1. What order do you get for 4-10, 55-61 when each peptide is scored by the mean count of other beta carbon atoms within 10 Å, highest first?
2. Can you work out the FRET efficiency for the pair residue 1 and residue 40, with r the C-beta to C-beta distance and R0 = 25 Å, to the nearest 0.05?
3. Students often get this wrong, so try it: which of (1) 1.20; (2) 0.96; (3) 1.07 is Rg/Rh (Cα atoms, Kirkwood Rh) as calculated from the structure shown?
4. What is the packing order of peptides 18-27, 101-110, taking the mean over residues of other C-beta atoms within 10 Å and listing the highest first?
């Protein structure tokens, strides 16, 4: 049996579809979601909010969505306290995808606007 981060690939892919669906729903509403709340919405596998597996899954989703021209969908996933922004993995990937991460707040807001714009049907009408 082939595994991904210790999970059967079939279950991993099902969980990834669940995460993506939750994030799209939030994007359409112009909202964000804390890591802990996101993990409560996953039923295919059990993931912890600060787990390596969740980090890998979010990176996969972000890279796929970016490649499809829809922005880094995982910009919506944030800490539930403190700065209430994405974790460092988001910004590491953003940098690898060629985004300017010198000002992380500006980078994050730009991605949020891109994602909200795409999923709200106003693509191209929101200034990033």
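1. Working: 4-10: 14.0, 55-61: 19.4.
Final packing ranking: 55-61, 4-10.
2. On the way: r = 27 Å, r/R0 = 1.07.
Calculated value: 0.40.
3. Here Rg/Rh (Cα atoms, Kirkwood Rh) agrees with entry (2).
4. Details: 18-27: 18.8, 101-110: 14.8.
Per-residue Cβ counts within 10 Å, averaged per peptide and sorted highest first, yield 18-27, 101-110.
Quick note: the coordinates plus some simple rules give every number you see, no bench work behind them. Every value quoted in this text rests on a predicted model; they were computed, and no experiment measured them. With ideal geometry, Cβ positions are generated from the backbone for all residues, glycine too; neighbour counts draw on all protein chains shown.
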